Amino acid sequence: MNASLTTVLRALIFIIVALMLCGIIFEFAGYSAPSMFASIFNGAFLRPGGLMQGLRWALPLFITACGVALSFRCGFFNIGAQGQFYVGAIAATFAANLLDGAPAAVLLPLCFLAGMAGGALWALWPGIMRLRWGTDEVITTLMGNFIAALLLVYVTAGPLKDPSGSGQQASSKPLNAAYRISNSLGISPTILIITAVVGVLMWLLINRTAFGIVGGLAGRNPVMVRWQGAKVWRLGLASFVISGALAGLAGTVEVFGPNGRLIGGFLPTHGFTAILIALVANLSIIGTAVGALFFGGLASAALYLPVMAGLPSAAIDIINAAIALFITAKSRFVDRLLNFGRRSA
């Protein structure tokens, strides 16, 4: 049994255990676990439009998770994807307002670059603090998420506020239809191409370039990489910037795609789910694509749970949290079981 298959089986075992635990919890809470699992499966795959709805959530998750995977592979725990996602969306919306009236062929590339730059800059300052002064990047990037969330509240209720809005939800004014890259369903050839390009480029970067190979080595043994003369600080700073840029790109896709505007507090768990996807995939780009489809299906099923099983849609957040708990755990029993299979092979 090769290492890749072992990693996949380990992830599957822990996901199954997490789902079983959630089923037990919901049974004790008075809900039906079989109904819950049937509703999740139906909501994600069998109901009309379920697969498309799951893909709608999977595409931006995949873009963000690719950046998270790169940062983690280089040994830097950038968990600020949520804040970088928000700041990228904010920067793209400001750019759209400034360039309003320009041809779409001019406005869209500039706004997407602004969104990526916003996410990259929001990841840059924790990276500099980590590499210059040794500040714990987990703390700084986590705090950056809260700051970005407050910044989003401020701009949607202040500088970018829609003057014709009802006041029930803070948001910017709707984008001109000529600037939208998809309708509210969130799936279009443009978004599919963007996602595919990101996936291919990130796979090539990680597996076919010196940066990706040395970055993977630095994540496992930075001392050895320094002895070989590599500049670990350059690897770290580049991984922060690329990770933030991809999160900002995902935020821009949401604004110019299904949302059609910047909305206060939208997708509050997007960045954290992307981190979970990268961990489940063992920081592999192909695994990240599969993980994004799985968690996109769960997000699609969240709209179906209240109707079919009587469960609140927040039950999906509980399932995600349980998977996160188990996927990062150490289990000697599971490791021995998989090692036994490897020795038998």
Among (1) over 21 Å from Gly260 (Cβ atoms); (2) under 23 Å from the mean Cα position of the chain (by Cα); (3) modelled with pLDDT under 95, the one test that Ser171 misses: (1)
Checklist (1) modelled with pLDDT of 85 or more; (2) farther than 30 Å from Ser188 by Cα; (3) out of contact with any Leu (no Cβ under 8 Å at 6 or more places or on another chain) applied to Phe26, failing item: (3)
Verdict on Pro126 being under 15 Å from Ile242 (Cβ atoms), out of contact with any Phe, Trp or Tyr (no Cβ under 6 Å at 6 or more places or on another chain) and not hydroxyl-bearing (Ser, Thr, Tyr): yes
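Each row is one residue, and each column tells you yes or no for (1) under 18 Å from Ile277 (Cα atoms); (2) out of contact with any Gly (no Cβ under 6 Å at 6 or more places or on another chain); (3) open to solvent by less than 60 Å² (accessible area, probe 1.4 Å); (4) of a type in the set (Ser, Thr, Tyr).
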| site | (1), (2), (3), (4) |
| --- | --- |
| Leu12 | yes, yes, no, no |
| Ile15 | yes, yes, yes, no |
| Leu19 | yes, yes, yes, no |
| Ala33 | no, no, yes, no |
| Phe37 | no, yes, no, no |
| Arg47 | no, yes, yes, no |
Criterion: in contact with a Gly (Cβ under 9 Å, 6 or more places away or on another chain) and under 26 Å from Asn78 (Cα atoms) - qualifying residue of Ile213, Ile191: Ile191
Filter result for the condition that a residue is part of a helix (DSSP H, G or I), among the aromatic types (Phe, Trp, Tyr) and closer than 22 Å to Ser284 by Cβ, over Trp203, Trp233: Trp203
Of residues in segment 217-231 being surrounded by 18 or more Cβ atoms within 10 Å (Cβ to Cβ) and touching a residue at least 60 places away in the same chain (Cβ under 8 Å), the one farthest from Cys66 (Cα to Cα): Ala218
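The values are calculated or read from the model by the stated rules, or taken from the named source; none is laboratory data. What you see is a predicted model; the values in this text were computed from it and never measured. When we count neighbours, we look across all protein chains shown, and the Cβ atoms used for this are built from the backbone with ideal geometry, even at glycine. Side chains included, ligands, DNA and RNA excluded: accessible areas come from the protein's heavy atoms. Shrake-Rupley method; radii C 1.70, N 1.55, O 1.52, S 1.80 Å.
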